[in-house]
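The values are calculated or read from the model by the stated rules, or taken from the named source; none is laboratory data. Small disclaimer: the values here were computed from a predicted structure and weren't measured. Methodologically, a virtual Cβ is constructed for each residue, glycine included, from the backbone with ideal geometry; neighbour enumeration extends over all protein chains shown. In case anyone asks, the SASA skips ligands and DNA or RNA and just uses the protein heavy atoms, side chains included. Shrake-Rupley method; radii C 1.70, N 1.55, O 1.52, S 1.80 Å.
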Amino acid sequence: MNTKNHNVMGDERGKLVAIESGIHIPFEIKRVFYIYGTQPNVPRGQHSHYKTKQYLIAVNGSCKVTLDNGQSKETYKLNQPYIGLFQDAMVWGTMYDFSADCVLMVLADLCYNEADYIRNYEDFIRIKCNE
Ligand code: TYD
């Protein structure tokens, strides 16, 4: 299971989730991006990274994520702001079934670099077979 339920802190003022590098996620955070305003039936992701590790949290709304390590696939539903999903390097990820209000936040250990993407699934499988 790649998902983790984070501790929800809070009081009568509201809730709070804290995520710290090395404590709650297994890497140093170098980049944060988020996806929102997604269209119905339009998947996102559909790529792998050579080196980048990611951590996904639907901080609002919900979506599904399928992770594929080249041998097996597993689908996760992210529907709470305290659920995190770790996506390791060299794992193919597809995000889909976004609710209209979904804000999917992604923490990453490396800065954006198009050269770190594998966007063709056949290439991904070929590279996995040669690992
Ligand atoms: P893309 O990787 O296609 O999005 P997704 O994987 O969510 O479907 O990225 C969309 C655009 O945003 C593309 O032009 C690259 C750019 N981008 C950045 O500039 N920095 C980033 O950190 C990310 C993730 C994307």
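When segment 82-93 is filtered for residues that are over 11 Å from Ser62 (Cβ atoms), among the β-branched types (Val, Ile, Thr) and either within 9 Å of the chain's Cα centre (by Cα) or more than 14 Å from the ligand (Cβ to nearest atom) (or both), nothing remains. Considering segment 106-124, and only residues there that are aliphatic (A, V, I, L, M) and open to solvent by 50 Å² or more (accessible area, probe 1.4 Å), the residue that is farthest from the ligand (Cβ to nearest atom) turns out to be Ala115.
Is it the case that segment 21-40 has a residue that's free of Cβ contacts under 8 Å to residues at least 24 places away in the same chain, open to solvent by less than 60 Å² (accessible area, probe 1.4 Å) and away from the ligand (no atom under 14 Å from the Cβ)? Checked against the condition, which is being free of Cβ contacts under 8 Å to residues at least 24 places away in the same chain, open to solvent by less than 60 Å² (accessible area, probe 1.4 Å) and away from the ligand (no atom under 14 Å from the Cβ), segment 21-40 yields at least one hit.
From Val103, Val91, which residue is modelled with pLDDT of 95 or more, of a type in the set (A, V, I, L, M), surrounded by 15 or more Cβ atoms within 10 Å (Cβ to Cβ) and closer than 19 Å to Arg126 by Cβ? Unique residue meeting the criteria: Val91.
Among residues of segment 110-131 that are in contact (Cβ under 8 Å) with a residue 24 or more places away in the chain, those with a beta-carbon under 7 Å from a residue that is of a type in the set (S, T, N, Q) at least six positions away or on a different chain give the pairs Leu110/Thr52; Asp116/Thr52; Ile118/Ser48; Phe124/Ser48. The sole residue among Asn79, Asn69 that is over 20 Å from Pro26 (Cβ atoms) and either away from the ligand (no atom under 16 Å from the Cβ) or open to solvent by less than 20 Å² (accessible area, probe 1.4 Å) (or both) is Asn79.
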